[in-house]
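The values are calculated or read from the model by the stated rules, or taken from the named source; none is laboratory data. What you are looking at is a predicted structure, and each value in this text was computed from that prediction instead of being measured. Positions of Cβ are backbone-derived with ideal geometry, glycine not excepted, and every protein chain shown enters the neighbour counts. Each accessible area value is taken on the protein alone, full model and side chains, heavy atoms only, with ligands, DNA and RNA left out. Shrake-Rupley method; radii C 1.70, N 1.55, O 1.52, S 1.80 Å.
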Amino acid sequence: MASTPSGTHGGMADFNIHHGFIEALIRGMRSSFLADSDYHHITQCETLEDVKLNMSETDYADAVSDLTVLTPSGLQSAAINKLVTEFKYVRTQAVEPLATFLDFITYEYMIENIMLLLKGALSGRDINELLAQCHPLGMFKESTMRSIPTFEANAKGFADLYQTVLVDTPVGPYFAMFLQESSNAMGGEVRNVIEEVEIEIIKSSLIKYWIEDFYQYVQKLGGETAEIMGDILMVRADTNAINITLNSFGTPLNEPVMRTSDRKRLYPAVGHLYPAGTHMLADVSTEEELGKVLDLFPQYTSIWSVHAAEAEMSIDDAFYERDVQALELAFESQMHFGCFYAYVKLKEQEIRNLVWITECILQAQKDEINKFVPVFSSHAPWRSSTKAR
Amino acid sequence: MSEVPPTRMNQQVFKGKKKAAESGHKLLKKKADALKVKFRDYAKMIAETKGSMSSDATTAFFSLTQAEYAAGNFKQKVAEGTLTARVRVGAGIDNVAGVKLPVFTPYETGSIADNQSLGLVGGGKKIVSVRDKFTVFLHQLIKLASLQTSFVTLDEAMKVTNRRVNALENVTIPKIQNILDYIDRELDELEREDFTRLKLVQGKKEDVEADKENTNANGKDTDITADFDAQDDADVVF
């Protein structure tokens, strides 16, 4: 597994010795989020040129000034690069155990990049194209990444690939566990596993191991971090479990045979739904049954009712709202690492919002343009109304 | 015109040609009319399909935006995966009034999409709706492509047919008609010539008859042996 942290990060008394400066950095960066007024201005724009003008007054001024013509995808890459620069800056200042914590955040993107490279290699794509499409937060050494598609696409090739390349990457252990479990279940070789199992299922399994690993690490850190991050990760695990179940209806994953063998293995072993809920979820085959299972868990009934109502919002929007609420809360208290994770995730949400708004303007769908979840907004439903969510 | 000898046989031949040309002309005209009707139908269908395409396109691409909001960038994942066509286009031939028009029909190859669990950890429903909307859009596209190729082919066929109709109408049939008129005229003239010659000959004959009658009536006592001349015969030698 990952390297053990050198002790906990200290509580109220000694947190600031090692991590005070960095936490201050993060809190400073927190003010760079777009405010309600910014969102208001941007949604009122008629063309993307106006958007560029408005963006140059926000924290994104430098990122946007490099783009001659603003396109949704261009804006997305510029914004992601800005996030990566900020993240790397924070990472270089960090000491243990914060350094490991930050690395954990990047593992998620590494998993995605590896899957992309592997799948691309199987289909015979050009390595440079694949590299260009990798998420910048999840890059490892260039040499490692380049060597992934050069391995032959046969059984020996994959075994070699694993032993030489993947084992060195931080996410190697997750791969090992996944392959072990799969070959036990399927009795097949490494190559068969990668070919037969769909890329999304492999990724979901790897993410599951990542969540579990992260959770354990966070519990080891103890203190406020364990509490706050633990809660965030549990919600993440539950979101994954519910989504997997919901989206597996109508795919081969929903067949009774597959349900117990494959789908059940995708549910993380952390979360409010674990273990009783996931056990019940494994048997669910229709949306009704899913609804009944979720009724037993009060925090998810409201989300499920959004999906069942099938009105303006979809269940993904409801989950995004729930996430943003939890992540904003991470900034409310001090002396823990949760704000770092929250910063990355909330920035991601902001980038999603920006892409959504620019696409709506581009495709002239003005009535849908307000369907995003603003970050740190004073109009948030949990802030302005007295009803608790 | 001068090459055609004005005989009765040629008259029959050219009468036959004229009949053939006229019946051909009638048939071609019917074909041109049928093609024109089909042409107008196709034009109407194309206009309809194009109109609905624009709204289909916007919904399809907007559903893609929604899916990307919910599920992140999955375009690369789809593009980097194995691409086998799920819907294929078959080219068939439709026969309209004798014109062979190309027609495209979509058919499912039945190969299950490689990316069925694409939105597994979020946005799955949106991705399914993207798939549906784009399938609808694709079917409209195939229909429009089929209509447009048929339209172009039909247009060409119509032009050719119209050209043939006009050619028959304005060139061939008048030409044959002219030849027939010429033959008629020549034959008439020949007949008239013959007639006048006959008349002349008859006249002459009558004159001769009349003379003979006169001489017969006048010289009854003429010596019939006067006509006989012994010098005419050759000597008989025993």
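Tabulated data
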| quantity | calculated |
| --- | --- |
| Model label zone, A:HIS18; criterion: amide N under 13 Å from point 7 Å along Cα-to-beta-carbon; scope segment A:208-242 | A:221-222 |
| Gain upon complete extension [B:ASP94, B:LYS212; 0.36 nm per residue less C-alpha separation] | 33.8 nm |
| Average Cα contact separation per residue, segment A:291-378, under 8 Å, 6 or more apart, as relative contact order % | 21 percent |
| Rounded FRET efficiency, nearest 0.05, which uses the C-beta distance separating B:THR59 from A:GLN334 and R0 of 45 Å | 0.40 |
| Cβ charges +1 (Lys, Arg) and -1 (Asp, Glu), total dipole of chain B, debye | 3920 debye |
| Lys/Arg +1, Asp/Glu -1 at C-beta; the protein assembly as shown dipole; positive extreme among A:LEU118, A:THR144, A:GLY172 | A:GLY172 |
| Candidate lysines - alpha carbon under 26 Å from A:LYS347, same-chain residues fewer than 8 apart omitted | A:LYS52, A:LYS82, A:LYS88, A:LYS141, A:LYS203, A:LYS208, A:LYS366, A:LYS371, B:LYS75, B:LYS77, B:LYS125, B:LYS126 |
| Cut-off of 10 Å, at most 13 other beta carbons, DSSP loop: longest stretch of chain A lacking such GluC sites (Glu not before Pro) | A:153-309 |
| Fully extended contour minus Cα-Cα distance, from A:GLN216 to A:ASP36, at 0.36 nm per residue | 61.1 nm |
| Solvent exposure ordering (accessible area, 1.4 Å, most first) of B:VAL171, B:VAL236, A:VAL235, B:VAL13 | B:VAL236, B:VAL171, B:VAL13, A:VAL235 |
| For chain A: rounded, prolate or oblate by the Cα gyration tensor [a/c cutoff 1.5] | rounded |
| Relative contact order for chain A, counting Cα pairs under 8 Å that sit 6 or more residues apart, in percent | 21 percent |
| Span-like helix ranges in chain B, DSSP H, alpha carbon extent 27 angstrom or more, Kyte mean at least -0.5 | B:124-167 |
| Most positive-pole-ward Cα, A:ILE232, A:ILE202, A:GLY222, against dipole of segment A:197-242 from beta carbon charges | A:ILE202 |
| Additional length obtainable on full extension of the chain from A:PHE249 to A:ALA364, 0.36 nm per residue less Cα span | 38.1 nm |
| Residues of type lysines that B:LYS36 reaches as a straight line, Cα spacing below 29 Å, ignoring anything fewer than 8 places off in the same chain | B:LYS17, B:LYS18, B:LYS19, B:LYS26, B:LYS44, B:LYS50, B:LYS100, B:LYS143, B:LYS159, B:LYS175 |
| Heavy atoms of A:HIS272 accessible to a 1.4 Å probe, total area in Å² rounded to 10 | 70 Å² |
| Integer Hz, Karplus 6.51/-1.76/1.60 couplings in order for segment A:280-286, x for Gly and Pro | 6, 5, 4, 9, 6, 10, 9 |
| Segment B:23-142, relative contact order [Cα under 8 Å, separation at least 6], % | 31 percent |
| A:TYR89-B:VAL103 FRET efficiency (beta carbon distance; Förster radius 56 Å; 0.05 resolution) | 0.35 |
| Assigned charges on the beta-carbon of Lys, Arg, Asp, Glu; the protein assembly as shown dipole about Cα centre (debye) | 1260 debye |
| Size of charge dipole - segment A:1-132 - debye, nearest 20, with Cβ of Lys, Arg +1 and Asp, Glu -1, no other charges | 420 debye |
